[in-house]
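Written below as structure tokens is the structure these notes are about.
Every read-out reported here was derived from the displayed coordinates using simple, explicitly stated rules and does not represent laboratory data. Nothing here was measured: the structure is a model prediction, and the numbers come from that model. Here the Cβ is made from the backbone with ideal geometry for all residues, glycine too, and neighbour counts use every protein chain on show.
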Amino acid sequence: MPPRPRPPMDCRNEKHGPDGLRAGLTIGGALVIMGLGFLLSRLGMLWGLEAWMVWPGILAWMGLLKIFIGRSVQHAVEGLILIGAGIAVEAHYLGYIHLEWSVIWPVLLIIAGLLVFMGVLRSAVRRSRKQRSSPGDGITVTSASRVDGDVVLGSREERIDSREFEGGEIRCVMGGFNLDLRDAGIKDGEATIKVKAVMGGIELSVPDDWNIVIKGSPMLGAYENKTRQRRDAAEPDAPRLVIEGSVVMGGVEIRN
């Protein structure tokens, strides 16, 4: 019998999508950069710098990954910001410039404002595309009863349709997380989502019969409840979603 033809190899893997690839390359690059720093320090080739002072190279490496792996203008802008930050800090260590906190914090505010502004525009464009596309395009749909999401320098969209949703945690650093709960139901009448947004944005879409309770004090950021609730959402036995946590130079938006 002739040999059975081999199926073509599929190099794609759910574990190594864009986010997984970026994370692996970031960790690998960071190890290489720090290893080179300690090696060059031992060889006396770091121009008098300590070995640990090569860490700004990790920022530059992360910026390059954002530019080449990212799929939007925002990714490119974030990449350029990271590269610029790495170059500035390394130039400070080398003595070419002198960085002071009185100069750094206004720059951080400007960068945070630009990122929030771009995140709002990106969210508006995403919603516009959703209206023109079929449901579920580019969104992870799951029936899990809890959400557990981490986004660092990236973006993620997820829809949960479980009728026994219990809450969970969302952590977002310089990125965006979009969670759609409009087809979900709350178990035992109340669920809590703990959020942590640092220079990033979290958007939650909820049913119009849920009662939204926000607990938390943002720092240079905001919680925005833009939901339009039905009258029965104010009833004592209405499903209750509690949003609590910290927002630093970012935003959490709830809408339906």
Q: Within 10 Å of each residue's Cβ, count the other Cβ atoms and sort 55, 210, 101 from fewest upward.
A: 101, 55, 210
Q: Go through the stretch 29-42 residue by residue and turn each phi into a ³J(HN,Hα) via Karplus (6.51, -1.76, 1.60, θ = phi - 60°); whole Hz please, and just put x for glycine and proline.
A: x, 4, 5, 5, 5, 5, x, 4, x, 5, 5, 5, 5, 5
Q: Just subtract the alpha-carbon distance of residue 103 and residue 80 from 0.36 nm times their residue separation and send over the number in nm, one decimal.
A: 6.4 nm
Q: Check cross-link reach from residue 226 to the aspartates and glutamates: straight Cα distance under 16 Å, and skip same-chain residues fewer than eight apart.
A: 180, 203, 208, 209, 253
Q | 3J(HN,Hα) from dihedral phi, the stretch 184-194, Karplus parametrisation 6.51/-1.76/1.60, rounded to Hz, x for glycine, proline | A | 9, x, 8, 6, 6, x, 8, 9, 10, 10, 8
Q | Sparse-neighbourhood loop sites, GluC sites (Glu not before Pro) in the stretch 35-102 - DSSP loop, at most 15 other Cβ within 10 angstrom | A | 50, 100
Q) So what J values fall out for the stretch 241-256 if you push phi through Karplus, 6.51 cos²θ - 1.76 cosθ + 1.60 with θ = phi - 60°, rounded to Hz, Gly and Pro as x? A) 10, 9, 10, 9, x, 10, 10, 10, 6, x, x, 10, 10, 10, 8, 9
Q: Please go through the residue pairs 66/194; 187/215; 66/196 and name each one whose alpha carbons sit more than 24 Å apart in this structure.
A: 66/194
Q: Quick one: which residues, 5+ away or cross-chain, put their amide H under 5 Å from the amide H of residue 165? H built at 1.01 Å from N.
A: 185, 186, 187
Q. Farthest toward the dipole's positive end in the stretch 135-255, which of 204, 174, 155, given Cβ charges of +1 (Lys, Arg) and -1 (Asp, Glu) about the Cα centre?
A. 174
Q. Can you list residues whose amide H is under 5 Å from residue 180's amide H, if they're 5+ apart or on another chain and H is modeled 1.01 Å from N?
A. 158, 159, 160, 205
Q | Burial ordering of 32, 151, fewest other beta-carbon atoms within 10 Å first | A | 32, 151
Q | Relative contact order [Cα under 8 Å, 6+ residues apart], the stretch 135-255, whole percent | A | 24
Q: Mind sorting 196, 66, 187 by how few other Cβ atoms lie within 10 Å of their own Cβ, fewest first?
A: 187, 196, 66
